[in-house]
Every structure is written in structure tokens, then in C-alpha cells.
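Participant: To start, I am sharing the structure in question, which I have written as C-alpha cells.
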Amino acid sequence: MRRRRWTILPSAVLTGSLLLTACTNGGGDGDPEGADASAPAATNGETASQSPAANGEGKPKWDFKYDPPITITTAVVDENRPNAFKPGETLTNNSHSRWMEENLGIITKFDWIVGKFEDADTKIRLALSTNGKLPDTFTAQGDILKDLLKADRLLPLNDAIEKYAHPKLKEAIEKYSYTMPEATKDGKIYGIPRFGMGDEGTVMWIRKDWLEKLSLQPPTTIAELENVLKAFSERDPNGNDKDDEVGLAVPLKEGPWTWMGQTDAIAGAFSKQLLNTYDIKLFWNEDENGNLVYGAVHPDAKKYLETMTSWMAKGYMDKEAGIKDPSKASELAVSGMAGVMFGPYWMGSWPLGDTAKVDPNAQWQAYPLPAGPDGLKGKAQKPIYGSFSVFSKDFKNIEAWFAYYNKLLAKNLGPEDPYFDPRFEKGFHEGYDYVIKDGKVITGNYEAAGVPKEQWPLPDGASIDMRWMVYPLTGTGNPLLPYMNAEAIKKFTADPNAEATSPIEQSVKGLNAAQLAAASVAVSEQGLEIPNRYTGPLTDGMAKHGEFLQKLATESYLHIIYGEKPLSSFDEFVAQFYKNGGDVITKEVNEWYKANKK
């Protein structure tokens, strides 16, 4: 089974890849929101907390310090990033770890540092099998999370969320409650979702200069799109007098849904049943009876396959698409041999921006999704969470975790947020993620900005990768919430010269024109996104049969799309799917859905 497929994408707001964190009781328990220190706060009857001494009545929410300090141990999968620290600094001793101790009363230490996710899993499984001590807080998902819940080793969080969580986090947990069942048992929440921005919903990228050259209008329907693909494939839009173009750049190696070049919008033009063949947990959709069905075996998938088969036969797609991943497929577009590609808004920088190296006149533009014959439009909602921060049942300082998490979340939300720490207004630490030159904050391109070389964060001009210094406690990159950049996208679409007042706004303002226009299209069509309806754990059937069924589905789709088998063979594939464990998985999924559906 594939696991932890959480891709860090260029030009997007980054989320970190730290895996595990732990927080050990070191005394001086605290409530950073200024609760009465004389009245311990119970968390589900299992923990008690007092206010940190320095957080007196009337102090702002961000201003807290634990005295005496509490010790926070973390455990990570160390990717050995070359720009993670300055010479002489390490994961265990760096500028931010010292800052935390001096300013927050939080001492950061590590339980373990491993090189592979599998090694981290082994540490957790060993603790479970021997009834050993677990880290106070760590990141879990899938089988590990399922086993932890079964063993009753985790702290319930309902009361802690209500008392300590940032209001925006509480709103997100409520609004996107369908993400929570994997970390919920008997009505109790046992994990904080590691939310992603979720802003990478599909847009349709087209070579605008090719449209103009061939006197074509941007397509608004699937039929019009097919006419564009035909023209791009047959009328030599790159002007090299060779028959080397195809209309659509697409990777089919991983099926209809992937992180770039996906064809979910093609499926969404014919049905609300979204498709994935490469992950047995995606996409499960409701059928006409309200039951969940794996989209790849729903009869509506034939409409998608019929269209893709036709386009392949007519030469509108690359014949090698079936062996290409997203990066390889994009090379076709970048090299000037394909004029349409579906994918996220950030593609306007990489990879599509590189097309100008081949053709200086190339102009990619994002357009709204094409409608099907019945006017239907739809696209997949990219999973908006990756895993969960969970806590040992014995953990006594849950408010310490929220205190730090709220501070990092507020940094993205901006100075108006009550948890915003003004010490982070310019960035985390001068000389690390920014420098000051002539009174201005410089966050990159130091040489071009005239910053003396001795002031660069690193000798090669790169900035420090602050994820490895700042985020061990939260086990994630800078905490994000779904679609939290939507308002910023609208703001800078209306006025590209508007002032950026928060890191989120700064990141949006940093988009190039093509990216910002594409992000605006994506936001305008956010209502077309369809979420995966199964957000539970990996079921026993998935663990047993999932790998075979994923391979069966992907290969069956490719056989049909390439014309090696007729469209009618879809029914044979469906029968094989259910015969080889699909029936068991469908039963498990629907039992879960019935128990968790709101």
C-alpha cells in the first residue's frame, strides 16, 4: 500500500515534512490564555494545568513564558537538508531552540532522530508491543493511528480543543468535520488534523498564443476542448513544420488523479463520481442510494474512458502517457509539443514557466473547466489534511502544545490576530529567513538586493530552511487551514499593487501574473470541488487487497484507453474488482460511513 503521499510542491505555500514530536512534563504547567492559576483546568478528567507565571492578567494571548521551563522532546525523520542550519548548528541546538528557551520557557530536545519513516513506525510499534512509554505528542495516520486507538494509548482532546485551540482551528475542525473520523472513537477526538491549504484544485492550462495563432476561442465545453485538441495536434501550432504536437499533456501511469496533469475535470464533466485507480482510499462517492462506491468501478466511469479512448486513438494525447508520471508528462508541454494541461494554479511558474526557454513567445493561461454535454462541471477536492498530531494518554501539558501551535498559526494570519507574536513580524530570525538592508526586509535574492555576502544566511545565498528549526513541536510545516489564502487571492486579483499585511498575503503577492490569474480561476470554481467521502482508517480489507486492486484498476483503465481492450471490458474489470476483495472493502467502507455520517 502507498503511504504518506504528501507532495511538497514548488511555488506553493510549503508544509514541512517533520514526522514526530513529543512534549515531556518538565513542571510549570501553563494556560497561555490567562486562565486562573489557582484553578487547575481538567482535560477530559486526565490532565491538570496552571497558568505560566509570566502570563499575568491582561497580557496579550501571544505573551507567555513557562517558569519553570517545560521540556519538549521531539523525534523526526531527518532528511539531512543541506540548507537546514548554519555551520555549527544542529537540530538539537540552533537559534530558534535557544530563542524558545529564553522567551517561551520551552526547552526543545529529541527522543530520537531517524532516517526513514519505517524506522519511526518501528519505534511506535515497539512501544505498543511492550507497553512502553510513548512520546507525549507525535504524528500518526493509517495503520499506526488505528493501532494506537485500539490500544487506548491516546489522550482525548475534545475539552482541550474547546479551551485552548485557536478559534480558526476550531472553526476548521467543525467545518471540515468529515476529515475527523480517522482520529475519532466513541465520539471523542484523538488527533489534530495537519491541514493543508487545499487550494490546488484543477484549472485548465492552455497555450493562449496557440489559440490566437490558430484563430481559436478558449473552450468552454468538452466538445469545444476536443476541437482545440484536434487543432493543436494537426495544425502545427509550434511552427516547426513537423507533426510532433499533441493536444493534451497527461500522465496516465498513476490513473486519472494525481498531483499535476490530472484528468479529474474530464471525469467531472460527465459525472459526480470522481475517479482514482492508484489509491484504494480515493475517491469514494455516494451513489443514488446514498451508499459509498469506489468511483473507478461506478458505471459513469465508462463516459470518462470513452472520451479518453477516443482522444488517444485520434492522436490528441501522447502515446507514451501510460508510462509517464506528472513531471515527465509536463516535459511535453514545456518543450512546446503540447498545448493543454490540467493542474494546479502554481504550474504557471513551474513547470510551465520554463516553456519560455524554448519559445520566448509562449504564453500559458488558466481557463475555467469545460462543461460536459449536460452542462456538468466538477473536479476533485485535493485532500486537505495529511495526518494527525496525537498525544499520549499520560500527557499533562496539552495547553503548551496549543500555545505554540497558535503562535505559529497566527504568524500566517497576520498582525491583527490576537495570537500574533510581534517578534515574528519581519520573519522568524534576522540572518536566517530574512535580512535587513537599508531598512527593508529582504527574504531572498540577497545578491541582487545588494546585501553584503557576509550577511547572507548561507554562503550560497540561500535562506535557512526554517521548518527544521521552528516546527518540531507541532510536527508540521507552518500551520495552515483550508483555503486560508482565498481572500488574499481575491485581494491581489483586484489590486496587484495592494499592500501585503500577513505572510499568507505576502506569498500570494509573490505569485507571478499567470499564477495569480490561475489562482483566481481556482477560487471562483471552488464550489465545483467534490471531496472524497471516505476519510476513515485503512480498513483490514484495504490492507489485504488494496495493492492488487489498485494495480488491477490502473492496468484495466490503460488497456481500455489504449484500445487494447474494448470499452465493454470495463464490466469484466468491475466483476474482478469485487471478486478479489472489492466487495469486502465496499462493505467496510459503508459500515464506517453509516456510523460516521452526519
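Participant: With a point put 7 Å past each Cα toward its Cβ, work out how far Arg125 is from Lys150 in nm, to one decimal.
Facilitator: If labels sit at Arg125 and Lys150, their model points lie 1.2 nm apart.
Participant: Follow-up. Would you mind telling me the antiparallel percentage of the DSSP bridges in the chain, rounded to 5?
Facilitator: 65 percent
Participant: Between Lys587 and Asp186, what is 0.36 nm times their sequence separation minus the Cα-Cα distance? Round to one decimal in nm.
Facilitator: 142.3 nm
Participant: How tilted is helix 301-313 with respect to the longest principal axis of the chain? Cα atoms for both, answer in degrees (0 to 90, nearest 10).
Facilitator: So the inclination is approximately 60 degrees.
Participant: Asp540 to Gln576: FRET efficiency via 1/(1 + (r/R0)^6), r the Cβ-Cβ distance, R0 22 Å, to the nearest 0.05?
Facilitator: The pair Asp540/Gln576 has a calculated efficiency of 0.60.
Participant: Using a 7 Å offset from the Cα along the Cα-to-Cβ direction at both Lys551 and Ile113, what is the distance between the two label points in nm, to one decimal?
Facilitator: Spacing of the two 7 Å Cα→Cβ label points: 3.8 nm.
Participant: Still on this structure, I have one more. Each label point is 7 Å from the Cα along the Cα-to-Cβ direction; what then is the distance between the points at Glu454 and Ala513, in nm?
Facilitator: 4.2 nm
Participant: So how tilted is helix 398-413 from the main axis of the chain? Cα-based, degrees 0 to 90, rounded to 10.
Facilitator: Roughly 50 degrees, rounded to the nearest 10.
Participant: Can I ask one more? With a Förster radius of 45 Å, plug the Cβ-Cβ distance of Glu234 and Ala462 into 1/(1 + (r/R0)^6) and report the FRET value to the nearest 0.05.
Facilitator: 0.50
Participant: Per-residue counts of other Cβ atoms within 10 Å, averaged by peptide: what ranking do you get for 92-103, 546-557, highest first?
Facilitator: Listed from highest to lowest mean packing, they are 546-557, 92-103.
Participant: Over all directions, average the projected area of the Cα convex hull of the chain and note it in nm².
Facilitator: 28.1 nm²
Participant: Work out the FRET efficiency for Ala494 and Trp350 from their Cβ-Cβ distance, taking R0 = 22 Å, and round it to the nearest 0.05.
Facilitator: 0.30
Participant: Using packing as a proxy for protection, rank 346-357, 443-454, 395-406 so that the peptide with the highest average count of other Cβ atoms within 10 Å comes first.
Facilitator: 395-406, 346-357, 443-454
Participant: So what is the 222 nm mean residue ellipticity for the chain from helices alone, if each DSSP H run of at least 4 adds -39500 (n - 2.57) and you divide by all residues, rounding to the nearest 500 deg cm²/dmol?
Facilitator: One gets -9500 deg cm²/dmol as the mean residue ellipticity at 222 nm.
Participant: Give me Rg/Rg_expected for the stretch 488-598, where Rg uses Cα atoms only and Rg_expected = 2.2 N^0.38 Å with N residues.
Facilitator: 1.67
Participant: Distance cut-off 27 Å, Cα to Cα: go down the list Lys109/Lys407; Lys123/Lys407; Lys328/Lys379 and report the pairs above it.
Facilitator: Lys123/Lys407
Participant: Over the chain, what relative contact order in percent results from Cα pairs under 8 Å that are six or more residues apart?
Facilitator: About 22 percent, as a whole number.
Participant: Compute the acute angle (0 to 90°) between the alpha-carbon long axis of helix 540-561 and the principal axis of greatest extent of the alpha-carbon atoms of the chain; round to the nearest 10°.
Facilitator: 30 degrees
No value in this document is a laboratory result; all are computed from the given coordinates. It should be emphasised that the depicted structure is a prediction, and the values quoted were computed from it without experimental measurement. Neighbour counts run over all protein chains shown; Cβ positions are idealised from the backbone, glycine included.
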